[in-house]
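I have placed the structure first, in the form of structure tokens, so that the comments after it can refer back to it.
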Amino acid sequence: MSEKELKIGDIAHLTGLSERDVRILIQTYDSLFTYRTIGPVRLFPQKTVGIVRELVELSGKGLTPEEVTTEVKSGRRPAAPEEPAVAVDRVGVPLPPEVVLDLRVMQETLARQERRIAQMTAELERIEEQRREETDRWRETIDCLQERLDNQQRKLAIVAEWVDYFDRQMDEVSRPVLDRVRRAFGTKQDPGRSG
């Protein structure tokens, strides 16, 4: 009489876990499970319930996935007896080593990336500070030049007033004496009258 095969929902019901948690355990520890597929459905032997329970217990002890796998494979705790491989149509294929990422490698990579981001952020802040300082220096230079230009324009305005004054004085000096006297006393000569 053949053993009843279980779907993921059956395993979840028997272990008290959610189907999602069972799927995650099976995916994480794929090398520990045997199953066969019928269409999209995977069917597991009944010993899978014991393996899942043991995985939950060992995972709760803070062991890494590699340590948990070693414990289960070492048979420290007897799991349900293994069936011969010929009785199972398909065996779960472990992921290739290059796909399985070591947690330490991921942490080191993340730490390296965080350090690089911190360096880049510091470099950007330094460049921004330099740009601000250069902008401030240019602004000071422009303000100084503007002040000098304003002073020169004030001086030129004073010189222009003096030039206008001297031009008027020269015009007065170059007029005939009689016109100057008339202008000084406000009399006007009638061009039709002779003197």
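The values are calculated or read from the model by the stated rules, or taken from the named source; none is laboratory data. Because the structure is predicted, anything quoted here is derived from the model rather than measured. Cβ atoms come from the backbone with ideal geometry, glycine included; neighbour counts cover every protein chain shown.
Residues in segment 13-35 that are at pLDDT below 90 and charged (D, E, K, R): ASP30 only.
Assigned by TED's automatic domain parsing to the domain that holds VAL72, of a type in the set (Asp, Glu) and surrounded by fewer than 14 Cβ atoms within 10 Å (Cβ to Cβ), is that true of GLU57? It is true that GLU57 is assigned by TED's automatic domain parsing to the domain that holds VAL72, of a type in the set (Asp, Glu) and surrounded by fewer than 14 Cβ atoms within 10 Å (Cβ to Cβ).
Does segment 11-44 hold any residues that are out of contact with any helix residue (DSSP H, G or I) (no Cβ under 8 Å at 6 or more places or on another chain) and in a loop (DSSP other than H, G, I, E, B), and which are they? Scanning segment 11-44 gives GLY16, GLY39, PRO40. Within segment 180-192, residues that are over 17 Å from ARG168 (Cβ atoms) reach partners that are surrounded by fewer than 10 Cβ atoms within 10 Å (Cβ to Cβ) and modelled with pLDDT under 55 with beta carbons closer than 9 Å, at six or more positions or on different chains, in the pairs GLN189/GLY195.
Report yes if some residue within segment 106-129 is under 30 Å from GLY60 (Cβ atoms), surrounded by 10 or more Cβ atoms within 10 Å (Cβ to Cβ), of a type in the set (Ser, Thr, Tyr) and modelled with pLDDT of 60 or more; otherwise report no. Yes, segment 106-129 has at least one match.
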